[in-house]
1. Restricting attention to segment 232-279, which residues are closer than 20 Å to K206 by Cβ and not hydrophobic (A, V, I, L, M, F, W, C)?
2. Report whether or not A39 is buried (at least 16 other Cβ atoms within 10 Å of the Cβ) and small (G, A, S).
3. As an exercise: evaluate A180 against (1) within 20 Å of V69 (Cβ to Cβ); (2) without any contact (Cβ under 8 Å) to a residue 12 or more places away in the chain; (3) of a type in the set (A, V, I, L, M, F, W, C) and give the number of the one condition it does not meet.
4. Quick one: is D194 more than 20 Å from Q168 (Cβ to Cβ), at pLDDT 95 or above and in the same structural domain as Y177 (by TED's automatic domain parsing)?
5. Within segment 207-253, can you find the residues that are under 23 Å from G278 (Cα atoms), surrounded by fewer than 17 Cβ atoms within 10 Å (Cβ to Cβ) and in contact with a helix residue (DSSP H, G or I) (Cβ under 7 Å, 6 or more places away or on another chain)?
6. Give me the residue from segment 105-133 that is among the polar types (S, T, N, Q) and closer than 16 Å to L44 by Cα and, out of that set, surrounded by the fewest Cβ atoms within 10 Å (Cβ to Cβ).
Amino acid sequence: MPSIAALHPQIVHFVIALLIAGVLFRLVSLTGRFTFTSAAATTLIVAGTLATVVAVISGDQAHGPVERVPGARAAVVEHEEWGVRTRNIFIAITVLELAVLGLTTMKHRFARGATIASAIVGVIGLGVLYEAADHGGELVYGYAGGVGIRTGNPADVHRLLIAGVFHQASQDRQAGYPEASTQLVEATARRFPDHLELQLFAAEWKTDVQKDPAGAIRRLDTLSLGQAEPRLRIRAGLLRANALVAQGNIDGARAVLQTLKNENPTNQQIQQRLDELGR
């Protein structure tokens, strides 16, 4: 069977949507007011249950690289266990739904009881589904499970590293460890010299954290901004102005901002910075 590991996030969203809708339709069908909801509930629950089977398969195919991340294995195993429980309970609910369909067609006296049983077990199933989804969210957002490696594109891993450095450096800074945060930022900036936004972030760090505005200006001078998008050129200009202000060169900062203003006359951020310098 071809690997469908990369499709696991999409598949689980279909599982959640189909099963929640199916159980809700089954609950509504108990009122007897909307006759179409009974058949709709069966259709949605059967489709959602089939999706859980595919979700478990795709999760099994995806788990290897994720659980090799130091400290992540227990979270992977827990998510897998809840995923299997979800599949199993909804297979049981599907059997009940098929029984409801058959008994209703025959107008059997047990049809109502089977419908109620399916609704009750369905609500329990949603609780199990919630746990599986909650543990999956914890795995992704708490352990970066699968982040950066889902597509196999090395650029995704690069973005993961940059994001991790950004958050760790910011946390170190807030915790009062500017040297540690600076080491992270500088090492990452050296690793990705062509990453323009990262270099701008490193220049900002020079001024704000290292208190080295001259170093920030030197870094900005090395960047090729001619073909960059306007947003990045504006950011570079604002960073240069901030560095000049930190050096006490207010006139120089005002000149940089005025040039930016001429190029971007409607930009409120530039105007606000000019007004601050004016005051």
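The values are calculated or read from the model by the stated rules, or taken from the named source; none is laboratory data. Keep in mind the model is a prediction, meaning the values are calculated, not measured. No Cβ is skipped: glycine too gets one built from the backbone with ideal geometry, and neighbour counts run over all protein chains shown.
1. R233, R235, G237, R240, N242, Q247, G248, N249, G252, R273
2. no
3. Just one mismatch for A180, condition (1).
4. For D194, the condition - more than 20 Å from Q168 (Cβ to Cβ), at pLDDT 95 or above and in the same structural domain as Y177 (by TED's automatic domain parsing) - is not met.
5. Q247, I250, G252
6. Looking only at segment 105-133, we keep the residues that are among the polar types (S, T, N, Q), and these are 105, 115, 118.
Subset that is closer than 16 Å to L44 by Cα: 115, 118.
Working: T115: 22, S118: 30.
Looking at the filtered set, the residue picked out is T115.
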